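These notes concern the structure reproduced below.
The values are calculated or read from the model by the stated rules, or taken from the named source; none is laboratory data. Just so you know, these numbers come straight off a predicted model, no measurement behind them. Positions of Cβ are generated from backbone atoms using ideal geometry, with glycine treated the same way; all protein chains shown enter the neighbour counts. The accessibility values were calculated without ligands, DNA or RNA, using every heavy atom of the protein model including side chains. Shrake-Rupley method; radii C 1.70, N 1.55, O 1.52, S 1.80 Å.
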Amino acid sequence: MTATVPMVRADRLMKKYGSNVVLQDISLEVRTGEVMCVIGPSGSGKSTFLRCINHLEKIDGGRLEVEGELVGYREKGGVLHELHPREAARQRRDIGMVFQRFNLFPHMTALENVTEAPVRVKRQPKDAAVERARTLLARVGLGDKLDSYPGHLSGGQQQRVAIARALAMEPKLMLFDEPTSALDPELVGEVLDVMKGLAADGMTMIVVTHEMGFAREVADSLVFMDQGHILERGAPRDVLATPEHERTRAFLSKVL
Amino acid sequence: MTTSTGGPAPTPAPGHEPIRAVPLRHPWRNVIGAVLIIAIAAIVWDAAVNRQAYDWPAVGKYLFDRRISEAAFVTLQLTVYSMVGAIVLGIILAVMRLSPNPILKSIAWVYIWIFRGTPVYVQLVFWGLLSTIYPTLDIGLPFLPPIAQLPTDQALNTFWIAVIGLALNEAAYMSEIVRAGILSVDRGQEEAATALGMGWGLTMRRIIIPQAMRIIIPPTGNEVISMLKTTSLVTAVPFTLDLYTRSRDISAETFNPIPLLIVASLWYLFVTSILMVGQYFLERRFARGLDRVDLTKGARLPQGDAPSVDSIANARGESEERR
Ligand SMILES: Nc1ncnc2c1ncn2[C@@H]1O[C@H](COP(=O)(O)OP(=O)(O)OP(=O)(O)O)[C@@H](O)[C@H]1O
Ligand SMILES: [Mg+2]
């Protein structure tokens, strides 16, 4: 039974800021273990969609479920009740997020960045959290940077610490919002390599990216968003090679 | 890309001589400096020899008078206790003002409105009259007989009334400084913490406030020094054991006010200097990771790297305004 529950299920999801509708009629499913890449022009609502999935934004219509559990609401007798912030925080624990601008905590070392949430939120014992953080940082290739502050790390190194920080909460789903867009070209590869490793280990990932090579190689599905709609969804090769919509074609001709 | 800091400077490649140039001369600097030194020396000599009213022997006599040094210590205590209270309350008020809860927000707003909008001297007189308005302090539930009852003037002596009065006033200013500091922290920080499942309070305490401290400390240093001098107003309570009031009381007996003013000023300067040293170390502590220089390796704090004090000072206005 549970095996068939998708990791993420959006059903006619709608989101607006004031009267400005930024997501409309978003319906899709992401299977457990699936890597989904999202592409689309600036302002098409890609970031907003990710932020809805871990309830950094409230949705205004439709349904959004993660592992069959409503995000941000509880359903009782057909009526939706807003979750208490504490319960919303508990839902977010299982969803890792990586930001375009890293957002590492600058007053903490790499190691402290990674141990902070497990110790303070999950109340793991300090020793165990440190041990696990060492392993994670070694896994992203930063075993020798444990005591460095983010300000002393390159962009690529910072983003890898950010990935380790998210992984420390043992998420079942990882959201990446243009993780390589703020990086110098020669640093993009090291971050993508870490992400490829994660995908190979079976992590469910939703990745907003303009790295078409990564999408083609790693993604199981590719979504093209435009003006708050999902215009196209399919296997990356098909979408990239034979897009159905004129707008997709126009967009791809610019980025490829 | 180098990752190590503070390594040995690269030795110049052979064949590259270090530059030996004649340094730029500043003749006018020297002239102006000389004129100033002569002028200051003249004033000092005049003050030391010609002006009897300074009464330097009396300055020497009272500088280390027990009553004065004790009063200086009392003033330091007033400053430290009231600032600690003000900082704690100021952080609470700032967090209340930024919280999503409209009730907490309004309470903080009204508090700041009242305590910043009335003179601290008037507030101190008011707290001094507290025992006239409320002769007893009752502990218990409203409309029920009190569990415990204490005469107000026994529960709170004038020292603590002075501390509370100063702290309540200062908290209004501190909360604005703290709020400016919190708002200066990048929004992405709160977002990242929230995405990790941290609640609002934890995010404030562990992520936002430690980063805001860097912006908060320099203007807080101003406030501490300003508070040191504001303690001279506690005579309004009336509390008379602080440095200024004490030295004035002594000079009222000796009919020789000027030397005691000098003595009090020297002590204020001395205490200010101690506080400035404390500020230096606090700034170092909270600059961790936020500076280009690695402090963990014992490097020096870069000069002039402090964030803009002016922008925050604007939030509270001139320090003399509330007198
Ligand atoms: N907090 C907000 N308030 C109002 N409007 C917003 C807010 N955040 C985003 N928007 C609007 O929502 C729309 C979608 O924004 P979003 O950031 O999701 O786009 P995006 O696809 O991620 O673009 P980009 O590639 O530039 O990151 C944009 O028109 C944007 O102006
Ligand atoms: Mg975006």
Residue within region B:41-64 that is under 19 Å from residue B:181 (Cβ atoms) and not charged (D, E, K, R) present: no
Tally of residues being within 11 Å of chain B (Cβ to nearest Cβ) and either of a type in the set (S, T, N, Q) or in contact (Cβ under 8 Å) with a residue 24 or more places away in the chain (or both) across region A:117-131: 4
Hey, residue A:45 near ligand 1 (Cβ under 10 Å from one of its atoms), over 17 Å from residue B:199 (Cα atoms), in contact (Cβ under 8 Å) with a residue 40 or more places away in the chain and more than 14 Å from chain B (Cβ to nearest Cβ) or not: yes
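Within region A:95-116, take every residue that is open to solvent by 50 Å² or more (accessible area, probe 1.4 Å) and more than 7 Å from every other protein chain (Cβ to nearest Cβ) and give me the one that is nearest to residue A:151 (Cα to Cα). It would help to see each step written out before you state the result.
Going through region A:95-116, the residues open to solvent by 50 Å² or more (accessible area, probe 1.4 Å) turn out to be A:100-101, A:112.
Still in the running and more than 7 Å from every other protein chain (Cβ to nearest Cβ): A:100, A:112.
Working: A:100: 16, A:112: 14 Å.
Going through the qualifying residues, I end up with A:112.
In region A:50-61, is there at least one residue being of a type in the set (Gly, Ala, Ser), farther than 29 Å from residue A:213 by Cα and either in contact (Cβ under 8 Å) with a residue 12 or more places away in the chain or open to solvent by less than 50 Å² (accessible area, probe 1.4 Å) (or both)?
Step one: list which residues in region A:50-61 are of a type in the set (Gly, Ala, Ser), which gives A:61.
Restricting the remaining residues to those that are farther than 29 Å from residue A:213 by Cα gives A:61.
Still in the running and either in contact (Cβ under 8 Å) with a residue 12 or more places away in the chain or open to solvent by less than 50 Å² (accessible area, probe 1.4 Å) (or both): A:61.
Scanning region A:50-61 turns up at least one residue that is of a type in the set (Gly, Ala, Ser), farther than 29 Å from residue A:213 by Cα and either in contact (Cβ under 8 Å) with a residue 12 or more places away in the chain or open to solvent by less than 50 Å² (accessible area, probe 1.4 Å) (or both).
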Check on residue A:87, more than 9 Å from chain B (Cβ to nearest Cβ) and open to solvent by 40 Å² or more (accessible area, probe 1.4 Å): yes
Tally, over region B:118-157, of residues that are open to solvent by less than 60 Å² (accessible area, probe 1.4 Å) and either under 21 Å from residue B:224 (Cβ atoms) or assigned to a helix (DSSP H, G or I) (or both): 11
Those strands (runs of 3 or more DSSP E) lying entirely in region A:203-256 with at least 3 residues closer than 18 Å to residue A:176 by Cα and within 16 Å of ligand 2 (Cβ to nearest atom): A:204-208, A:221-226
Lone unmet requirement of (1) within 16 Å of ligand 2 (Cβ to nearest atom); (2) under 21 Å from the mean Cα position of the chain (by Cα) for residue A:68: (1)
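To keep it simple, each residue is scored yes or no on (1) more than 17 Å from the chain's Cα centre (by Cα); (2) open to solvent by 10 Å² or more (accessible area, probe 1.4 Å); (3) among the charged types (D, E, K, R).
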residue	(1), (2), (3)
B:207	yes, no, no
B:220	no, yes, no
B:223	no, no, yes
B:228	no, no, no
B:243	yes, no, no
B:248	yes, yes, yes
B:253	yes, yes, yes
B:258	yes, yes, no
Unique residue being more than 13 Å from the chain's Cα centre (by Cα), polar (S, T, N, Q), within 14 Å of ligand 2 (Cβ to nearest atom) and loosely packed, with under 15 Cβ neighbours inside 10 Å when the list is A:19, A:27, A:42: A:42
